[in-house]
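Have a look at the structure below, then the notes.
The values are calculated or read from the model by the stated rules, or taken from the named source; none is laboratory data. Quick caveat, the model's predicted, so the values are computed rather than measured. A quick note on method: Cβ atoms are made from the backbone with ideal geometry, for glycine too, and the neighbour counts reach across all protein chains shown. Only protein heavy atoms, including side chains, enter the accessible area calculation; ligands, DNA and RNA are left aside. Shrake-Rupley method; radii C 1.70, N 1.55, O 1.52, S 1.80 Å.
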Amino acid sequence: MAENDNNSRTLQEERTQRRIDLPPYETVALMLQGGGALGAYQAGVYQGLHETQIHPNWIACISIGALNTAIIAGNAPEHRVTRLQEFWDTICQPAFGFPVPAMLERALFDSADAIRKAFTTFQAASAIVEGQKGFFVPRFPPPSPIASSSPQTASYYDTTPLKATLERLCDFGRINSGETRVSVGAVNVATGNFAYFDNTQIKLRAEHFIASGASPPSFAAVEIDGQFLLGRRSHVEHAFTRLRRPRRAATRSRSRSIYGARKGRCPTASSMSWAA
């Protein structure tokens, strides 16, 4: 018992030492881009910010970053890291089969290159065949290249499970309360132009976040207010150039701090701050 108390005390002291006291900035902005598995890295970055007591009050996002944003903005600060872990633990499982035990998975990843490559190839094939739990499942019947279909079904996978997952893990009332400003980027199919949805202007729903990550032919476009929207990975960097408006608004302010989560950069406050 004494050893457990000492371990808890040591952990609490380490977290206290990680705390970073920021000046009283008006805006602490976080930008989360797309890139599939990069989303898991972003979750770790947010955990690092959380442990240093840095809480963004404005998040601009697109694609997989939009899904993380929904989890962050849709929960109280003390529950966000737990919900992010639950989200990623959920969608990293096969849709119908049993997940590989964590200990075995780690052992296979830490083994020889040939074994690790074979295992990851198997996991990728499993995702293609049966989908991912709480994220997407194969559409049946699949779309035909010679038959016309509605935009909502013109994809190989159905993301209905993702809507249920977001609505289970996120409080959209909290998202739309304005406690954290949220700006979501997507692409208007009809015009090819980027569209932006901000909770200071409209009421955000799960569909806005899902549309930001839609990528035909895998995931179908999402209809919102009569317009079909999707996200395009090839335009992610351009999307964040276009999402510079939150940054400009922040840098025009006397007090600002902006963070961007990008692969390959150390997830610490000092390495992510690009304006102060």
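For the stretch 30-159, the dipole from Cβ point charges (+1 on Lys and Arg, -1 on Asp and Glu) about the Cα centre works out to 180 debye, to the nearest 20. When each of the peptides 136-144, 198-206 is scored by how many other beta carbons lie within 10 Å of its residues on average, the order from highest to lowest is 198-206, 136-144. What net charge do the residues around residue 140 carry, taking every other residue with its C-beta under 13 Å from that of residue 140, with Lys and Arg at +1 and Asp and Glu at -1? Combined, the nearby Lys, Arg, Asp and Glu give -1.
Computed with every protein chain present, the accessible area of residue 51 is close to 50 Å² [probe 1.4 Å].
Around the amide H of residue 157, modelled in the peptide plane, lie the amide H atoms of 139, 220, all under 5 Å away and 5 or more residues distant in sequence or on another chain.
With a 1.4 Å probe rolled over the protein heavy atoms of all chains, the accessible area of 89, 158 falls in the order 89, 158, largest first. Taking all protein chains as they are arranged and a probe of 1.4 Å, the heavy atoms of residue 163 leave approximately 70 Å² accessible to solvent.
Quantify, in whole percent, the carbon and sulfur part of the accessible surface of the stretch 82-168 (1.4 Å probe; protein heavy atoms only).
Ligands and nucleic acids excluded, carbon and sulfur reach 64 percent.
Other residues whose C-beta falls under 13 angstrom from the C-beta of residue 124 contribute a net charge of +1, scoring Lys and Arg +1 and Asp and Glu -1.
Once you order the gyration tensor axes a ≥ b ≥ c over the Cα atoms, which shape class does the stretch 93-224 get: rounded for a/c under 1.5, otherwise prolate or oblate by comparing a/b with b/c? Because a/c hits 1.5 or more and a/b fails to exceed b/c, the stretch 93-224 counts as oblate.
Going by the alpha-carbon gyration tensor, a ≥ b ≥ c the square roots of its eigenvalues, is the stretch 103-179 rounded (a/c under 1.5) or, if a/c is not under 1.5, prolate (a/b greater than b/c) versus oblate?
oblate
Solvent-accessible surface of protein heavy atoms, probed at 1.4 angstrom with all chains present, puts 46, 157 in the order 157, 46, largest first.
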